[in-house]
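Structure first, commentary second.
The values are calculated or read from the model by the stated rules, or taken from the named source; none is laboratory data. Everything numeric in this text was worked out from a predicted model, so none of it was measured. Cβ: placed from backbone, ideal geometry, glycine included. Neighbour counts: every protein chain shown. SASA here: full protein model, heavy atoms, side chains in, ligands and nucleic acids out. Shrake-Rupley method; radii C 1.70, N 1.55, O 1.52, S 1.80 Å.
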Amino acid sequence: HRFERLLPSARPQLVINLAEDETRVYDDELRCVRNAGATLDAPSHRSFIIDTAEQTAAVGVVFRTGAAAAFFRERMDRIANRHVDLADLCSGAGTLRQRLLEAEDAAARLHLVAQWLAVHAAKAAVCTPVPITHALRLLDAAPETARIPAIAAECRMSPRRFGELFREQVGLSPKRYARLQRFRAVVAQVHRRERVEWAAVAADGGFHDQAHLVHEFRAFSG
């Protein structure tokens, strides 16, 4: 397929296009947004469409949820649902793609990227706040039953302060993050089944009913 839809993810992704010095993404009406050849796909709660013609040669890095804020020294909620040129986020990014193009093989390219990540992480003193790491562990374990006030209390923070710090580090509110993880759990679940009973999937996933599941599915997948 020329165009493919990518489902939303709270994990930022660094994409370095080696086939073209450009990346292209589209909305549902196939309106195109063009970025540089090295781009960060920020945390998102909306799906978007990619042009597979440009994906013939690329290097990618998927950050853990909550890790990119410290790495890039950037609030993730300010760039959520966007695709940002890497050069706008950190110095020295302009030469990375060129060095990758000059590398002799895939192993050498991966080594270069790992080296660049390590040097930049050391400079930025990367560290995700402990309360956020703990909250993510709780939300990922049971997104269908997550109670945000209880998690904030366990992190010894007020719900307001917890929500602010969570959005800053993750790019989504705690409630929206839990909804997104619940949706992604449903997608993973149905892929493992030969026959899908959607009413049962809705019940197992913690949705009120099948209509609630349909509403959430459209919200996240288009």
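Annotations for the structure displayed:
- Around Ala103: net Lys/Arg minus Asp/Glu count, Cβ-Cβ under 12 Å: 0
- Using alpha-carbon coordinates, inclination of helix 174-191 to the longest axis of the chain, degrees: 90 degrees
- Average accessible surface area per residue within the chain, 1.4 Å rolling probe, Å²: 55 Å²
- Gain in span if fully extended, Asp88 to Asp27, counting 0.36 nm per residue against the direct Cα distance: 19.7 nm
- Per-pair calculated FRET efficiency, R0 = 35 Å: Arg2 and Ala114 via Cβ, rounded to 0.05: 0.60
- Of all segments of the chain bounded by GluC sites (Glu not before Pro) found in a DSSP loop with no more than 16 other C-beta atoms within 10 Å, the longest spans 105-193.
- Extension gain from Ala124 to Glu194, taking 0.36 nm per residue of separation minus the Cα-Cα distance: 20.5 nm
- Going through [x] 70, 43, 38; [y] 66, 30, 28; [z] 53, 44, 30, the figure that equals Cα extents along the principal axes in Å as computed for the structure here is [z].
- Added length on full extension, which subtracts the Cα-Cα distance from 0.36 nm per residue, Gln210 to Thr56: 51.6 nm
- Rounded percent of accessible protein surface that carbon and sulfur make up, the chain, 1.4 Å probe: 50 percent
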